[in-house]
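Here's the structure, in structure tokens; my notes come after.
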There are 4 protein chains.
Amino acid sequence: MLNFVLMGAGRIGKMHAQNIFLHPNCNLSFVYDVNQESATDLANKYNSKVASSAEEAISSKETDVVFIASATPTHINFITKAAQSGKAIFCEKPSEFDIEKVNQCLKEVKNYDVPIQIGFNRRFDNSHRKVKLAKENGEIGELEMVIISSRDPEPPGLDYLKVAGGFFRDTTIHDFDLSRFILGEDQIVEVTAYGSQLISQECKDLGDHDTAMFIMKSQKGVLIHINNSRRAVYGYDQRVEVFGSKGMMISNNQSVTSVEKFDDKSTYAKDPIHFFFIERYDQAYKDQLDAFVKIVINKEKPSVTFEDGRNALILANAAYESFETGKSVRVDYK
Amino acid sequence: MLNFVLMGAGRIGKMHAQNIFLHPNCNLSFVYDVNQESATDLANKYNSKVASSAEEAISSKETDVVFIASATPTHINFITKAAQSGKAIFCEKPSEFDIEKVNQCLKEVKNYDVPIQIGFNRRFDNSHRKVKLAKENGEIGELEMVIISSRDPEPPGLDYLKVAGGFFRDTTIHDFDLSRFILGEDQIVEVTAYGSQLISQECKDLGDHDTAMFIMKSQKGVLIHINNSRRAVYGYDQRVEVFGSKGMMISNNQSVTSVEKFDDKSTYAKDPIHFFFIERYDQAYKDQLDAFVKIVINKEKPSVTFEDGRNALILANAAYESFETGKSVRVDYK
Amino acid sequence: MLNFVLMGAGRIGKMHAQNIFLHPNCNLSFVYDVNQESATDLANKYNSKVASSAEEAISSKETDVVFIASATPTHINFITKAAQSGKAIFCEKPSEFDIEKVNQCLKEVKNYDVPIQIGFNRRFDNSHRKVKLAKENGEIGELEMVIISSRDPEPPGLDYLKVAGGFFRDTTIHDFDLSRFILGEDQIVEVTAYGSQLISQECKDLGDHDTAMFIMKSQKGVLIHINNSRRAVYGYDQRVEVFGSKGMMISNNQSVTSVEKFDDKSTYAKDPIHFFFIERYDQAYKDQLDAFVKIVINKEKPSVTFEDGRNALILANAAYESFETGKSVRVDYK
Amino acid sequence: MLNFVLMGAGRIGKMHAQNIFLHPNCNLSFVYDVNQESATDLANKYNSKVASSAEEAISSKETDVVFIASATPTHINFITKAAQSGKAIFCEKPSEFDIEKVNQCLKEVKNYDVPIQIGFNRRFDNSHRKVKLAKENGEIGELEMVIISSRDPEPPGLDYLKVAGGFFRDTTIHDFDLSRFILGEDQIVEVTAYGSQLISQECKDLGDHDTAMFIMKSQKGVLIHINNSRRAVYGYDQRVEVFGSKGMMISNNQSVTSVEKFDDKSTYAKDPIHFFFIERYDQAYKDQLDAFVKIVINKEKPSVTFEDGRNALILANAAYESFETGKSVRVDYK
């Protein structure tokens, strides 16, 4: 039984708490949140203790795993402390917006032999995995193009936007990682980014984007397109298309039911797709936790590493450079 | 170039006239209709002559083909005369409602070596054919079940209903024939019919049905289900499903466009399907004519014979017997 | 917290055990099975006790709920005992094959005011529910036809077949209940059944069917079709179609992923659908338990009653009468 | 009746010849091709004359329309001559690769008041039109993104590649035009292009691309993505997606049949989509001709003008500039 400290009792923290609680090998021992009330509510729900301080919970002898689902600016600090305490670490994406801090942290944690897994949950979605596998096992032949459509159902509030690090680092970072996941060994070497302000006045006020498109190119010449929006009224649009010399595979959207309606206006009409990530990636979040638990128990290496988090951030930063200069940017992973 | 006499200038006659006109091996030489005005309009449109009498047109030396698309009660008479004149014959389904008359006519026309093709257009639909082929070539393994959903977009008017011979003989007859087409050598031996009056007051007044379901069984034990309605508000619903030991194949409905709509109410919504048979079976009607022209020119046997028309009528009659007696009826093809 | 006794530790018992274990208001206190080893294994997995006898577990003061997932012949006995002990009862379908025993039991349990819910799990499937709701709320207008396709992925073994009560009572019973669920107040009054032996030599040897079709008619004239097979190689085929004056709604099949494949042979190809009921109705089984727990806690009436189980059995019996007599059978619910 | 001169008796010329022949208001009076044999074959098939020279046919008094479907380098010359002869002109895309020649021609033809329509056939496809209309009538709200996937089934031969003007000018030009068609008044102002050589050795040898991606931005900030490939093994992939504040509409691919196959490997599998443009855009080519005939007869302005051809070429040229400089290029329409 692994004892978990959960950092963060917000929306995503709540979901993780439930998954930890239900997992046969996990015990939620501590919940920490700057908002004591949120921490208390969540701890009570799952028979956990409220941590009076992050440090106390992290360093507790009882603790096996530090599970970080707090605000992004706290991530690096918690990762470092957890590593120093010799705990296994799971950290929600993005690990941090400042590449310098990431580099420093990376250097520091290398001194401690602890597993660190980054929360790129989409890698664990059964449908996206199947598409990745089709590339791996040659089912679609040589990979030539990847097209990712990734759109949120509605823009976040101003408070979130202010600290979210910008559209490319907060949202597209998932798609950068998914692109890397699909490409495998073949590295992305070039990025072009376009951004627009078409939806949210608050985004505009902050100088942030709500609509964006990207093209990337890999070492082998594979072309990757990503498009993002902060508002798809039909739900959380999540599609991944891989195209190669032997065919194409699409991980398409998922409706809540399998009902199709026919009337005098339309036919084969399905329900709106899942509203947002918690519903859409339910299976992925559970399998992500399960994979993490297995690597901790079996002392293996995580499949999604801190370096993966760093590389996705590097792509986001290159995208910003492209947007600002109007140029295609060569990606420097050093 | 084959010279055609078209009997009947109504809705379906008009469609056939156009197809005959556009076919490279056909010439529409005469149009006949009891309504002289209709005949004249159609003849003018395609540079044909108006036949002053059916007899004149049929017996004209110039005439190669008598194409019968007039009201059902006229069919047997026109078939007989055309056969006596040695002309090739195409006759719209159903050939006649009275099995005695059909038997007599069959006896008579056997004296004349002329090709007679019955207008079971659905046999020529590319999708239905593919399903039939899948059964033939073993792609679905041994056939076990057939399910046909066949629904009109709206009930016909009272005038039509009065002379249409009843729902099973006018509408289901297509599905009886399609079932026979799919089964091939394996004969239908048993029929059960259910009818309901749920939609049309006019149907009810005439003692006719507007909703019906059937089960049939073949010699080999294959079970066949047909369901019919006189009103599907989403369009002309035409689905054929074959199920066997190796899988299933469905000939599904067809939208006018390939557009899919996503909004806050529904997703993947397509347009209504084709309104009715003229739109839905456009390709089938053209290929049906083409197949007929080929067998006439090459002096071959039609793939859809007068006997096929008779057998479908026998099934319809058995269905009425089942409905009236509340019993499963053994089919007697003699 | 409700204390459950689980009767039966077979395939479906195992699934129920897990759901009971995970439900926040449930405690699995006893497991009983004639096979002591199975009972012990399951009890160990979920920290339950093994009941040395059914009676002991049922009558234990601790016990709140008797959950019956044992072989069908044991159901009536367990139901009766549980009722006499004043316990809430959940019983897997079918409750019993012999209508006399059902009637007797019904009479007996009426003396005890305990809730009895029958395990017609499909009523709790989100997609089927949506179709039922569309009928209820008028979204499809006046109901005119219902079409249920319900096919197992593979035939059961001989041991199961011998005690399963026949295809109509074991398998179609779900579809009879689903038909009743959709129809609501409107009662089924007439049944016709066709059966065939096309797949399984073991079925044939036992005189059982592996392929079947049904038509039923309701008081209001609604026509219902059911088709069943013991083997659909593409998975557990579960489709429900309701058709009415304003349109149609189909609860279609569900693939494990939302992946679509395109190659030189086919396009838009999805994965096989769920293998069987445990995967396909995962959500339904969980919601069924949850609904049952709520009615027990709130002392309400179950939405799926013992009478529902009896009525489905009456339809199955009428179907057998139709098959044997070759007639449409009037249903007698008395 | 309009008398047509058809310039070019190649693959696309043959298709146009048939459409002209079948159109009730058109007469194919002359066929011209540098390859006399091709011209003769086609002329014989449709009872036309073979033009001994392009000039003779164009300037003939009899000629109403010059329909140009010959090799691209001949287009400007034929347009100019036809304009000077006062004939109505239909010209296949692209009108010419050299923008200087296009500009000069544009200047010249302005002296003659003749209608010139460019063959951007996709504008006339019913599904693409519906998507355009959804943007026009506000059905998808404010337009925010357009995504066009446009892939050929197989690369052309070396001979064609040598004179085709490059991937962006030969193939993407359709997608540039389609983007402009959808945007309407809102002008494309910025272009980024990526190209890859992944498929065809012949393309590589010629320095041409076989895989390409584009992002464009409009005046209003709408983002447009195009992806192209010279080889989709599943057929001619033609998808257009428009995304806006009220939803999304996709013009999806079209199979030859509506058949869906289910076996132990896959479910809902459709046939390969249409092989190539002649099959896929059959309806569009016919309606394109019909629209042209109407504007000629009614002396109206074409909906697809010579300027549209020029603007698409300008976008292709900007794309090449982007590819060569690695920069986002501002489009200059002057």
>> Looking at the range C:108-131, I want the residues that are without any contact (Cβ under 8 Å) to a residue 40 or more places away in the chain and have a partner that is of a type in the set (D, E, K, R) with Cβ atoms under 8 Å, at least 6 apart or on another chain. Which pairs are those?
In response: C:Val114/C:Lys87; C:Arg129/C:Arg123
> Across the range B:132-152, what is the total count of residues that are more than 25 Å from B:Phe306 (Cβ to Cβ) and without any contact (Cβ under 8 Å) to a residue 24 or more places away in the chain?
Replying inline: 1
>> Just to verify a result, which residue in the range A:313-334, among those that are in contact with a Ser or Thr (Cβ under 9 Å, 6 or more places away or on another chain), crowded, with 20+ Cβ neighbours inside 10 Å and outside any loop (DSSP other than H, G, I, E, B), is farthest from the other protein chains (Cβ to nearest Cβ)?
In response: A:Leu313
>> Looking only at the range C:19-41, how many residues end up being under 15 Å from A:Leu22 (Cβ atoms) and outside any loop (DSSP other than H, G, I, E, B)?
In response: 5
> Do you know which of the residues in the range B:270-298 that are under 30 Å from B:Ile79 (Cβ atoms) and without any contact (Cβ under 8 Å) to a residue 24 or more places away in the chain is surrounded by the most Cβ atoms within 10 Å (Cβ to Cβ)?
Replying inline: B:Asp282
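When you look at C:Leu178, is it outside any strand (DSSP E or B), touching an Asp or Glu at 6+ places or on another chain (Cβ under 6 Å) and not charged (D, E, K, R), yes or no?
Against the criterion (outside any strand (DSSP E or B), touching an Asp or Glu at 6+ places or on another chain (Cβ under 6 Å) and not charged (D, E, K, R)), C:Leu178 does not qualify.
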> Among (1) under 17 Å from the mean Cα position of the chain (by Cα); (2) surrounded by 15 or more Cβ atoms within 10 Å (Cβ to Cβ); (3) acidic (Asp, Glu), where does C:Glu307 come up short?
Replying inline: (2)
> Does B:Lys265 fit the bill of being over 17 Å from the mean Cα position of the chain (by Cα), assigned to a helix (DSSP H, G or I) and of a type outside the set (A, V, I, L, M, F, W, C)?
Replying inline: no
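Residue by residue, here is whether (1) crowded, with 24+ Cβ neighbours inside 10 Å; (2) hydroxyl-bearing (Ser, Thr, Tyr); (3) without any contact (Cβ under 8 Å) to a residue 40 or more places away in the chain holds:
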residue	(1), (2), (3)
C:Met7	yes, no, no
C:Phe21	no, no, yes
C:Asp41	no, no, yes
C:Asn44	no, no, yes
C:Ala51	no, no, no
C:Glu56	no, no, yes
C:Ile89	yes, no, yes
C:Glu92	no, no, no
C:Phe97	no, no, no
>> Let me confirm something: among D:Ala82, D:Ala17, which residue is touching a residue at least 24 places away in the same chain (Cβ under 8 Å), among the small types (Gly, Ala, Ser) and in contact with a Phe, Trp or Tyr (Cβ under 6 Å, 6 or more places away or on another chain)?
In response: D:Ala17
> From the set of residues in the range C:206-241 that are free of Cβ contacts under 8 Å to residues at least 24 places away in the same chain and buried (at least 24 other Cβ atoms within 10 Å of the Cβ), which is nearest to B:Asp210 (Cα to Cα)?
Replying inline: C:Met213
>> Whether any residue in the range A:247-257 is more than 15 Å from C:Glu260 (Cβ to Cβ), over 21 Å from the mean Cα position of the chain (by Cα) and within 13 Å of chain C (Cβ to nearest Cβ) is what I want to check.
In response: yes
> Given the residues D:Gly141, D:Gly157, D:Gly184, which is the only one that is on the phi > 0 side of the Ramachandran plot, more than 15 Å from the chain's Cα centre (by Cα) and away from chain B (no Cβ under 14 Å)?
Replying inline: D:Gly184
> Only one of (1) buried (at least 19 other Cβ atoms within 10 Å of the Cβ); (2) more than 30 Å from C:Arg231 (Cα to Cα); (3) of a type in the set (S, T, N, Q) fails for D:Thr267. Which number is that?
Replying inline: (2)
> So A:Glu100 fits all but one of (1) closer than 19 Å to A:Tyr285 by Cβ; (2) outside any loop (DSSP other than H, G, I, E, B); what number is the exception?
Replying inline: (1)
> How many residues does the range B:122-134 contain that are assigned to a helix (DSSP H, G or I) and buried (at least 24 other Cβ atoms within 10 Å of the Cβ)?
Replying inline: 4
> Which of the residues spanning the range A:113-135 are modelled with pLDDT of 95 or more and either away from chain C (no Cβ under 14 Å) or closer than 18 Å to A:Glu96 by Cβ (or both)?
Replying inline: A:Val114, A:Pro115, A:Ile116, A:Gln117, A:Ile118, A:Gly119, A:Phe120, A:Asn121, A:Arg123
>> Restricting to the range C:59-77, count the residues that are touching a strand residue (DSSP E or B) at 6+ places or on another chain (Cβ under 8 Å), without any contact (Cβ under 8 Å) to a residue 60 or more places away in the chain and farther than 18 Å from C:Val109 by Cβ.
In response: 2
> Hey, any hits in the range A:170-183 for a residue that's of a type outside the set (Lys, Arg), touching a Cys at 6+ places or on another chain (Cβ under 7 Å) and more than 19 Å from A:Ser218 (Cβ to Cβ)?
Replying inline: no
> Which of the residues spanning the range D:223-241 are β-branched (Val, Ile, Thr) and within 10 Å of chain B (Cβ to nearest Cβ)?
Replying inline: D:Val240
> Among the residues of the range C:119-139, is any out of contact with any Ser or Thr (no Cβ under 8 Å at 6 or more places or on another chain) and of a type in the set (Asp, Glu)?
Replying inline: yes
> Is one or more of the residues making up the range A:282-297 under 16 Å from the mean Cα position of the chain (by Cα), among the hydroxyl-bearing types (Ser, Thr, Tyr) and in a loop (DSSP other than H, G, I, E, B)?
Replying inline: no
> How many of the residues making up the range C:298-312 are outside any loop (DSSP other than H, G, I, E, B) and either under 24 Å from C:Asp64 (Cα atoms) or small (Gly, Ala, Ser) (or both)?
Replying inline: 5
> Within the range A:268-278, restricting attention to residues that are within 22 Å of the chain's Cα centre (by Cα) and part of a loop (DSSP other than H, G, I, E, B), which residue is farthest from the other protein chains (Cβ to nearest Cβ)?
Replying inline: A:Phe276
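If I go through the range D:184-211 residue by residue, how many of them are over 22 Å from A:Val222 (Cα atoms) and among the acidic types (Asp, Glu)? Show your work before the answer.
Narrowing the range D:184-211 to residues over 22 Å from A:Val222 (Cα atoms): D:184-190.
Narrowing the set further to residues that are among the acidic types (Asp, Glu) leaves D:185-186, D:190.
Summing the residues that are over 22 Å from A:Val222 (Cα atoms) and among the acidic types (Asp, Glu) in the range D:184-211 gives 3.
Return yes or no: is C:Phe262 over 30 Å from A:Glu241 (Cβ atoms), buried (at least 22 other Cβ atoms within 10 Å of the Cβ), within 10 Å of chain A (Cβ to nearest Cβ) and not charged (D, E, K, R)? Walk me through how you get there before you give the answer.
On the way: over 30 Å from A:Glu241 (Cβ atoms): no; buried (at least 22 other Cβ atoms within 10 Å of the Cβ): yes; within 10 Å of chain A (Cβ to nearest Cβ): yes; not charged (D, E, K, R): yes.
No.
The values are calculated or read from the model by the stated rules, or taken from the named source; none is laboratory data. In this text the structure is predicted, and so the values were computed from the model without any measurement. Every residue, glycine as well, gets a Cβ built from its backbone with ideal geometry; the counts of neighbours run over all protein chains shown.
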